[in-house]
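Asker: If you scroll down you'll find the structure; I have some questions about it.
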Amino acid sequence: MDEKLASAQAAWESNLQNKVLKRFPERREKFDTESGVEVGRLYSSADLPDFSYEENLGFPGEYPFTRGVQPTMYRGRFWTMRQYAGYADAAETNARFRYLLEQGQTGLSVAFDLPTQIGLDSDHQLARGEVGRVGVAIDSLADMELLFKEIPLDKVSTSMTINAPAAVLLAMYIAVAEKQGADTKKLAGTIQNDILKEYVARGTYIFPPEPSMRLITDTFAYCAENLPEWNPISISGYHIREAGSTAVQEMAFTLADGIAYVQAAIDKGLDVDKFAPRLSFFFNAHKNFFEEIAKYRAVRRMWAKIMRARFGAKNPKSWMLRFHTQTGGSTLTAQQPDVNVVRVAFQALSAVLGGTQSLHTNSKDEALALPTEDSARLALRTQQVIAYETGVADTIDPLAGSYLVEKLTDELEAAAWEYISKIDEMGGAVRAVEAGYMQREIQDSAFRYQQEIENETRIVVGVNKFQMAEEHHEGLLRVDPNIAEKQVARLQRVRATRDNKAVNGALVKLRSEALNGSNVVPCILDAVRAYATLGEICGVLRDVYGEYKPTSTL
Amino acid sequence: MSNPIRVLVAKPGLDGHDRGAKVVAQALRNAGMEVIYTGLRQTPEQIVEAALQEDVQVIGLSSLSGAHMQLFPAVVNILRQQGASDVLVVGGGVVPEEDIPYLKSAGIAEIFGPGTSTKAIADFIRQHFEGDGLTLTRVDHIGIAVNSIEASLDFYSSTLGLHCSGVEEVTDQKVKVAFLPLGESEIELLEPTTPDSPVAKFLQSRGEGIHHIAYRVPDIQSALSQLKAEGVRLLDQEPRTGAGGAMIAFLHPKASGGVLTEICQRDSE
């Protein structure tokens, strides 16, 4: 360490304390990030006494991947521009998909409605008011065929935000590809399939943890064997952050969940290097610009260490944390919604500077409703500007070596390790979820965040400062209120025209396979091909597995 | 102190986003209310059942999934069917402004959109139950204790130019009252008719001067119950007939900073 520099810096600081600050006080006594990491006045190499380029950073595409997972990063190819979309029925969503692809989007991302995410058919009593609202309603293979009509599944990659019934929707996707005559070995995409964060933060669980973990490892095994290009899981911090966590909690809880999935698969007898290369992640791009960049870099380095040291993975691909990013939905404001375009641009920039593999940019109207076609296009254009106009993608990991960014990367990593050891001590992520530990930690952070807004220590432009009288916001997307009726009619047609004997046979087989604990994915695929509905398939699994009862944490 | 307000925070439908619901629940709790949170995936029937079982005065509904147009009114309707329409129902979440008029007409008292402060929500609930105080429509009259109406009228009529519209004896108060209207209020001159009249006692201890201020209320019964609910000390627990046929009641001067305060309701209103 450069002692001369350290003492010069100390002298500069004391001069500041004694002379300057008395006359020109700073805006705040203490500055910190969203995770409460204190941000200093100035950083220099004196703040990184133990910094080693080789150990801390390495080279892109090499352990510990701090600088990125690909050797050329965006010089080879930009990140995948993947806008999450879906509403109403399969036909309407298919039209939005084709529009987005025409506009230069490079991957699909399917939003399903809540009944679909919870494994209920559209005519279920609990589906009242929810059909086609937050995503597209899918009841059977017939809907899935419509959803991907004229979109060749061997040419596009598709991400599906589906968790508890992920195996069923994956089976439907495979069945559509078969009908299109596509080579299923070439199917590329992701199912979210991350149940632990559903218990913690997102709420679309069905089954209890134990059988849910089994379903997930079943999909790992099935994909490793049959869909080599498919990511069978997207381990998600996004929703943990949306539920109110800090950046450090987002990192730590996501990695703890990842550890639990890897351990479960290993315990089931899978070879880590067979499935780990296809694990993928999903993070939030939130407000504190440098903290977010440091977060992506730190989390990449941590996963590499976890996979190599903890799980003994040998394949470098198993060490790589590849991730999708979405800008922070909860940072959008209903007040002065045009300002959201600016927020989204900064957040997206942080994800790119942090080395994301794919990106969704939120639309400005999402605090009020689902995005219109116009606002979804503007959101896509925002990332196209970052890619094609700013030049930030022309060199790899451009902020490496910034004293601040490297220091923050180290500090976030250290804070996240602390949480991970705490969770390890509790017996791992599943136990921590069951005890409500992560839920409570997130809840506390969310409450603190809201208090900071209300006591104005945290400023949100247009909400607690720079407010103005506003006209009503016009032109929001409205989902056709008759969509539920239409969807139920189609569902009934499917039930009336399919071979019900084949359906029953497939469901009986599924029940017995679920009971005896063998891999259920092949039977689910058979049931799907026979046009068994999502609700019927999940109904059988509900019978066998039971349903999750949440821990109350309030 | 009255009992804390009891609130049920509920998540109708399938939406799993409960950050807002939990933050609001915690904030209302910190504001001194008793809060019960239902957890996720509640049908309107389950929510009303929980509300009745927990005997809450308020239900706070949260939905971010767009199902509010169906689920929020359903809760209000079931409450009505169960004879519990006095439960205050408020909502929040991702609700477009154009949906709000319909929701309000369906009986949801208020919708709190994104960016609402938890304090605004707590204040709204508190004001609903504690009110903004009484509804006063005007100063009805100012009562002035005098030894002799006849002698005093010299000043009020001849000097100030007020016109005496009549004199009346109120036997149960042992007082004679002269009315001098001015604008929408009046001055009342009070002369005791017996030595044990309250006004006589006032004159003995303080001499001539302002005796009380009377405010007009549209509904004296409900004003009295509101005052009782808030624990305000009263001289009259029930309304009685005062001068000019008005229904009147006095607050205890200790409750009103030493100024004897009357509320009154007149049938003309």
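Asker: Select from the stretch A:472-497 all residues whose loss of accessible area on going from the chain by itself to the full protein assembly reaches 20 Å² or more (probe 1.4 Å).
Answerer: A:His472, A:His473, A:Leu476, A:Arg478
Asker: Please give, to one decimal in nm, the separation of the simple spin-label points placed at A:Asp480 and A:Lys549, each 7 Å out from Cα toward the Cβ.
Answerer: Each label point lies 7 Å from its Cα, and together they span 4.2 nm.
Asker: How much accessible area per residue does the stretch A:316-442 have, counting only protein heavy atoms and a probe of 1.4 Å, in square angstrom?
Answerer: Working: 4510 Å² over 127 residues.
Normalised by residue count, the accessible surface of the stretch A:316-442 is 36 Å².
Asker: Further, regarding this structure: Would you calculate the separation in nanometres between label points at A:Ala182 and A:Ser45, each defined as 7 Å from the Cα along the Cα-to-beta-carbon direction?
Answerer: 5.2 nm
Asker: Could you name every residue in the stretch A:364-396 that has 50 Å² or more less accessible surface in the full protein assembly than in its own chain alone (probe 1.4 Å, ligands and nucleic acids excluded)?
Answerer: A:Leu368
Asker: Applying 1/(1 + (r/R0)^6) with R0 = 41 Å to the Cβ-Cβ distance of B:Gln82 and A:Glu456, what FRET efficiency is obtained, to the nearest 0.05?
Answerer: E between B:Gln82 and A:Glu456, to the nearest 0.05, is 0.45.
Asker: Now for a separate question. Would the stretch A:362-449 count as rounded, prolate or oblate if I go by the C-alpha gyration tensor, calling it rounded below 1.5 in a/c and otherwise prolate when a/b exceeds b/c, oblate otherwise?
Answerer: Values: a/c = 3.05, a/b = 1.39, b/c = 2.19.
It is oblate, given that a/c is not under 1.5 and a/b is not larger than b/c.
Asker: Starting from the Cα-Cα distance between B:Val139 and B:Ala106, subtract it from 0.36 nm times their residue separation and give me the gain in nm to one decimal.
Answerer: Working: separation 33, 0.36 × 33 = 11.88 nm, distance 3.74 nm.
Net length gain for the segment: 8.1 nm.
Asker: Under 5 Å between amide hydrogens, which residues at least 5 positions from A:Ile233 or on another chain qualify, with H placed 1.01 Å from N in the peptide plane?
Answerer: A:Ile191, A:Ser280
Asker: Here's another thing I want to ask about it. Could you work out the mean projected area of the convex hull around the alpha carbons of chain B, in square nanometres to one decimal?
Answerer: On the way: hull surface 72.4 nm².
Spelled out: convex hull of the Cα atoms, projected over all directions, averaged, 18.1 nm².
Asker: Related question: Using a probe radius of 1.4 Å on heavy atoms only, what accessible surface per residue do you get for the stretch A:174-287? Whole Å² is fine. Please report the intermediate quantities before stating the final value.
Answerer: Values: 2750 Å² over 114 residues.
I get 24 Å² per residue for this part.
Asker: If you don't mind, another one. With the other protein chains left in place, how much accessible area per residue, in square angstrom, belongs to chain B at a 1.4 angstrom probe?
Answerer: Working: 12670 Å² over 269 residues.
On a per-residue basis, chain B sits at 47 Å².
Asker: Let me check I've understood the local charge: for A:Leu153, count other residues with C-beta under 13 angstrom from its C-beta, Lys and Arg +1, Asp and Glu -1. What total comes out?
Answerer: Details: positive: A:Lys149, A:Lys155, A:Lys179, A:Lys185, A:Lys186; negative: A:Glu145, A:Glu150, A:Asp154, A:Glu178, A:Asp183, A:Glu229.
Net charge around A:Leu153: -1.
Asker: Subtracting the Cα-Cα distance from 0.36 nm times the residue separation, let me have the gained length for A:Glu3 to A:His472 in nm, one decimal.
Answerer: On the way: separation 469, 0.36 × 469 = 168.84 nm, distance 6.05 nm.
The A:Glu3-A:His472 span can extend by a further 162.8 nm.
Asker: Can you give the FRET efficiency to the nearest 0.05 for A:Arg308 and A:Glu145, using r as the Cβ-Cβ distance and R₀ = 56 Å? The partial results should precede the final answer.
Answerer: On the way: r = 43 Å, r/R0 = 0.77.
Step by step, r from the Cβ atoms, then E = 0.85.
Asker: Also: Label-point separation (nm) for B:Ile213 and B:Val167, each offset 7 Å from Cα along Cα-to-Cβ?
Answerer: Label at B:Ile213, label at B:Val167, 2.9 nm between them.
Asker: Using a cut-off of under 12 Å, list every residue of the stretch A:25-50 whose amide N is near the label point 7 Å from the Cα of A:Glu13 along the Cα-to-beta-carbon line.
Answerer: A:40-44, A:46-48
Asker: Extension gain B:Lys254-B:Thr193, at 0.36 nm per residue separation less the Cα-Cα distance, in nm?
Answerer: Numbers: separation 61, 0.36 × 61 = 21.96 nm, distance 2.61 nm.
The B:Lys254-B:Thr193 span can extend by a further 19.3 nm.
Asker: Can you give me the C-alpha center-to-center distance between the stretch B:1-67 and the stretch A:278-349, rounded to a whole angstrom?
Answerer: Using only Cα atoms to place each centre, the spacing works out to 33 Å.
Asker: Take the solvent-accessible surface of the protein heavy atoms, probe 1.4 Å, and return the percent of it on the stretch A:396-540 that carbon and sulfur atoms account for. Mind showing how you got there, number by number?
Answerer: Details: 3780 of 7240 Å².
Carbon and sulfur together cover 52 percent of it.
Asker: Can you list the aspartates and glutamates whose alpha carbon is less than 12 Å from that of A:Lys149, not counting same-chain residues fewer than 8 positions off?
Answerer: A:Glu92
Asker: Need one number: convex hull volume per residue for the protein assembly as shown, Cα atoms only, in Å³.
Answerer: Working: hull volume 177.8 nm³, N = 823.
Each residue corresponds to 216 Å³ of Cα convex hull volume.
Asker: Cα-based Rg (one decimal) and Dmax (whole number) for the stretch A:113-225, in Å?
Answerer: According to the Cα coordinates of the stretch A:113-225, Rg and Dmax are 14.3, 40 Å.
Asker: Return one quarter of the surface area of the convex hull spanned by the alpha-carbon atoms of the stretch A:465-523, equal to its mean projected area, in nm².
Answerer: Details: hull surface 39.3 nm².
Projected area, direction-averaged: 9.8 nm².
Asker: Tell me, what is the FRET efficiency for A:Glu54 and A:Glu229 to the nearest 0.05, using R0 = 25 angstrom and their Cβ-Cβ distance as r? All intermediate terms of the calculation are to be shown ahead of the outcome.
Answerer: Working: r = 33 Å, r/R0 = 1.30.
That pair, A:Glu54 with A:Glu229, gives E of 0.15.
Asker: Let me ask another. Could you compute how much accessible area chains B and A hide from each other, both sides summed, with a 1.4 Å probe? Nearest 100 Å² is fine. Don't skip to the end; give the middle numbers.
Answerer: Numbers: alone 14310 and 23480 Å², together 34570 Å².
Roughly 3200 Å².
Asker: Right, another one. Excluding B:Cys264 itself, what net charge comes from residues whose Cβ is under 9 Å from its Cβ, given Lys and Arg +1 and Asp and Glu -1? The partial results should precede the final answer.
Answerer: Working: positive: B:Arg216, B:Arg266; negative: B:Asp140, B:Glu262.
Charge balance in the 9 Å sphere: 0.
Asker: On to the next question. Quick one: net charge of B:Ala255's neighbours, Cβ under 14 Å, K/R +1, D/E -1?
Answerer: Working: positive: B:Lys228, B:Arg233, B:Lys254; negative: B:Glu230, B:Asp236, B:Glu262.
Neighbour charge sum, excluding B:Ala255 itself: 0.
Asker: Over the C-alpha atoms of the stretch B:62-161, what are the Rg and the largest Cα-to-Cα span, Dmax, in Å?
Answerer: 25.1, 76
The values are calculated or read from the model by the stated rules, or taken from the named source; none is laboratory data. Everything numeric here is computed off the predicted structure, so don't read it as measured data. With ideal geometry, Cβ positions are generated from the backbone for all residues, glycine too; neighbour counts draw on all protein chains shown. These accessible areas exclude ligands, DNA and RNA; they are computed on the full protein's heavy atoms, side chains included. Shrake-Rupley method; radii C 1.70, N 1.55, O 1.52, S 1.80 Å.
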